[in-house]
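Written out below as structure tokens is the structure these notes cover.
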Amino acid sequence: MALTHAILARLIDTPLSGYDLAQQFDGSVGYFWAASHQQIYRELSKLEQQGWIAGETVLQTGKPDKKLYYVTEIGKQQLKSWMAEPSEPSPIKDDLLVKIFAGYLAPQAIAIELKRHQKAHQEKLAVYKAIEQKYFSNPQILSETEKFQYLTLLNGISYETHWLSWLDRAIELLK
């Protein structure tokens, strides 16, 4: 997936400034597609040049004016076309697994690393569970849009739960 599609997906419902997009990106699409604020701004410029998004300047009193970006009809069609293309499962690229593969060379370092990852995954799972409780506590009444957003959250919950289960087994095995 290109950053292009992640930005289009985030802007499809609500026009946002570059700053607001970058902030919200960190707390939504950013959970499964990471990008720096600089990358986001660069991509916004490119998308606007292509006509996939457009910007509207909003005058503000006492603050600099801001530009709200929204997806154009061409951008919406591009996003829909991309969504219709088949997606291949992403290959695993995880430096922790490479370290573990040769972990017998530094078992103490690996034990520490496993504990560190365990804590990180516990924290991420707690964040996901809090989001679920706050926004998706009653899945039966969700709108269609919310159901699709909830599915991405459920994947994150499953991902973190799987990692924690595996880490528990790894830590126990290496004791």
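Here are some notes:
- Segments 63-72, 88-97 sorted - mean Cβ within 10 Å per residue, highest first: 63-72, 88-97
- Here the Gaussian network model covers the chain, with springs between Cα atoms less than 10 Å apart; of Phe101, Phe25, Phe136, Phe101 fluctuates the most.
- Share of Cα-Cα pairs in the stretch 1-102 lying beyond 18 Å, as whole percent: 54
- Remark: the stretch 74-86, residue by residue, has Karplus-estimated 3J(HN,Hα) of 4, x, 4, 5, 4, 5, 5, 5, 4, 5, 7, 6, x Hz, where x stands for each Gly or Pro and the curve is 6.51 cos²θ - 1.76 cosθ + 1.60 at θ = phi - 60°.
- Hull shadow area, averaged, the chain [alpha-carbon convex hull, nm²]: 13.8
- Ordering Val127, Gly156, Leu174 by the projection of their Cα atoms onto the charge dipole of the stretch 38-175, which places +1 on the Cβ of Lys and Arg and -1 on the Cβ of Asp and Glu, puts Leu174 at the extreme positive end.
- Rounded to the nearest 10 Å², the accessible area of Glu56 at probe 1.4 Å: 110
- Taking the chain and dividing mean pair separation by its residue count, relative contact order in percent (alpha carbons under 8 Å, at least six apart): 18
- Using θ = phi - 60° and Karplus 6.51 cos²θ - 1.76 cosθ + 1.60, couplings along the stretch 144-159 (whole Hz; Gly, Pro as x): 4, 4, 5, 4, 5, 5, 5, 4, 5, 5, 4, 5, x, 5, 4, 4
- Sulfur and carbon atoms: percent of accessible area, the stretch 1-141 [1.4 Å]: 56
- Estimated [θ] at 222 nm from DSSP helical runs (n ≥ 4, -39500 (n - 2.57)) normalised by residues in the chain, nearest 500: -21000 deg cm²/dmol
- Scattering curve values for the stretch 3-46, log₁₀ I(q)/I(0), Debye with Cα scatterers, q = 0.32 Å⁻¹: -1.46
- Solvent-accessible area per residue, Å², over the chain with all protein chains present [probe radius 1.4 Å]: 69
The values are calculated or read from the model by the stated rules, or taken from the named source; none is laboratory data. Quantities reported herein were computed from a predicted structural model and do not represent experimental measurements. Backbone-built Cβ (ideal geometry, glycine too); neighbour counts: all protein chains shown. Remember, those area values only see protein heavy atoms, side chains included, never the ligands or the DNA or RNA. Shrake-Rupley method; radii C 1.70, N 1.55, O 1.52, S 1.80 Å.
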